Amino acid sequence: ILSTTPDDKKTWLFSATMPPEVRRIAKNYMENPVELTMGTKNTGNVNIEHEYYVVRARDKYAALKRIVDFNPEIFAVVFCKTKMDTQDVAEHLIKDGYNADSLHGDLSQQQRDKVMQRFRDRNMQLLIATDVAARGIDVSGVTHVINYSLPDEIESYTHRSGRTGRAGKTGISICIINSKETGKIRQIERIIGKQFTKAELPTGFDVCEKQLFSLIHKVHNVEVNTDQIDQYIPRIMDEFAELSKEDIIKKFASLEFNRFLDYYSNAPDLNASADDRGERGERGERGERGGRNFDNSNYTRLFINVGSVDEFTRGDLLGFVCNNGKISGKSVGKIDLKGVFSFIEVENDTV
């Protein structure tokens, strides 16, 4: 297009970042171009803390869940490199009971608007996105940005991390990397002029404790609707008549604590040791809950006559099947969302 434009013209290029592609256009199609930068180039927000966790490649998904579980009030954007990764991570999170959805370039504008509205309304806790799809996102109150995959262009890191720490609030930008990627962290540090903190993933017991006291804090600060609850108080008091105040507190706390303890009691240490040299690939075997390698022979492929034209996302379709079929998300395998129809794999025993 640019090669067919008149020689006598004025050209203005606007870009949130200045990737090599834009520089090549300026070099090849502009004469003595002048670069204007608004703000300080490649400088991160002073309100953002930068952390990184080093894990084995196969444990990356388990590490993501460990981070989310350790931050009960998290409201985050999780960045992946590819559309396939965003779909894969979002689907596994949904199956594992997390409130998540994906945002990528294959979504129609209506689907994108629907996903973003859910996120803005905080009806979704985790938005899994690609760099391209996330451009222009401006949502207040984002507590964390999680780099599930490091960006190819270092400038994109500043763009990603800038989704949090807005309007004077603090935020945390997290990178989940393998040992071979520590050099790239050093490069990002030099570019943005900030030092990363090498953090250790919490233990299973740490997560249980954090979740327990998050619940206690919520109970302590909950607003009581006296008009609605008073009618049930006599029956509740009768139910607890034989229990002491201490017994009631113990039983109440155990409801939440036991749920996480059952899962995390034997949770492995996901932090990579100094001897780990990294592994090929970033999407290998997944650890912990949801860490299955799907065997297609154990699944039946079903046809459903709804698709993307019906404004369905994979998360919508998964919820639709689970709610109407009264099945667990763990029984669902691959979801292949088409235009006017879709395919979904369900365990043979469930079908």
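A few comments on the model shown:
- Ser173 being assigned to a loop (DSSP other than H, G, I, E, B), small (Gly, Ala, Ser) and under 13 Å from the mean Cα position of the chain (by Cα): no
- Qualifying residue in segment 234-250 (condition: of a type in the set (Ser, Thr, Tyr), assigned to a helix (DSSP H, G or I) and surrounded by fewer than 16 Cβ atoms within 10 Å (Cβ to Cβ)): no
- Just one residue in the set Arg120, Arg112, Arg190 is under 26 Å from Asn271 (Cα atoms), surrounded by fewer than 21 Cβ atoms within 10 Å (Cβ to Cβ), free of Cβ contacts under 8 Å to residues at least 40 places away in the same chain and more than 14 Å from the chain's Cα centre (by Cα); that residue is Arg190.
- Set side by side, the residues Gly183, Gly193 differ, and just one is at pLDDT 90 or above, among the small types (Gly, Ala, Ser) and over 26 Å from Ala253 (Cα atoms), which is Gly183.
- When restricted to residues that are aliphatic (A, V, I, L, M) and touching an Asp or Glu at 6+ places or on another chain (Cβ under 9 Å), segment 134-160 contains 1.
- Segment 303-333: number of residues that are loosely packed, with under 14 Cβ neighbours inside 10 Å and modelled with pLDDT of 75 or more: 6
- Leading residue by the ranking (surrounded by the fewest Cβ atoms within 10 Å (Cβ to Cβ)) among those in segment 63-86 that are under 19 Å from Leu150 (Cβ atoms) and polar (S, T, N, Q): Thr82
- Within segment 158-170, if we keep just the residues that are assigned to a loop (DSSP other than H, G, I, E, B) and under 16 Å from the mean Cα position of the chain (by Cα), the residue that is surrounded by the fewest Cβ atoms within 10 Å (Cβ to Cβ) turns out to be Gly162.
- Note on segment 94-109: among residues that are aliphatic (A, V, I, L, M) and touching a residue at least 60 places away in the same chain (Cβ under 8 Å), the one that is nearest to Gly319 (Cα to Cα) is Ile94.
- Hits in segment 133-157 - residues which are in contact with a Phe, Trp or Tyr (Cβ under 6 Å, 6 or more places away or on another chain) and not in a loop (DSSP other than H, G, I, E, B): Asn147
- Matching residues, segment 193-212, being on the phi < 0 side of the Ramachandran plot and either small (Gly, Ala, Ser) or loosely packed, with under 14 Cβ neighbours inside 10 Å (or both): Gln195, Thr197, Lys198, Ala199, Glu200, Gly204, Phe205
The values are calculated or read from the model by the stated rules, or taken from the named source; none is laboratory data. Quantities reported herein were computed from a predicted structural model and do not represent experimental measurements. Note that we place each Cβ from the backbone using ideal geometry, even for glycine, and neighbour counts take in every protein chain shown.
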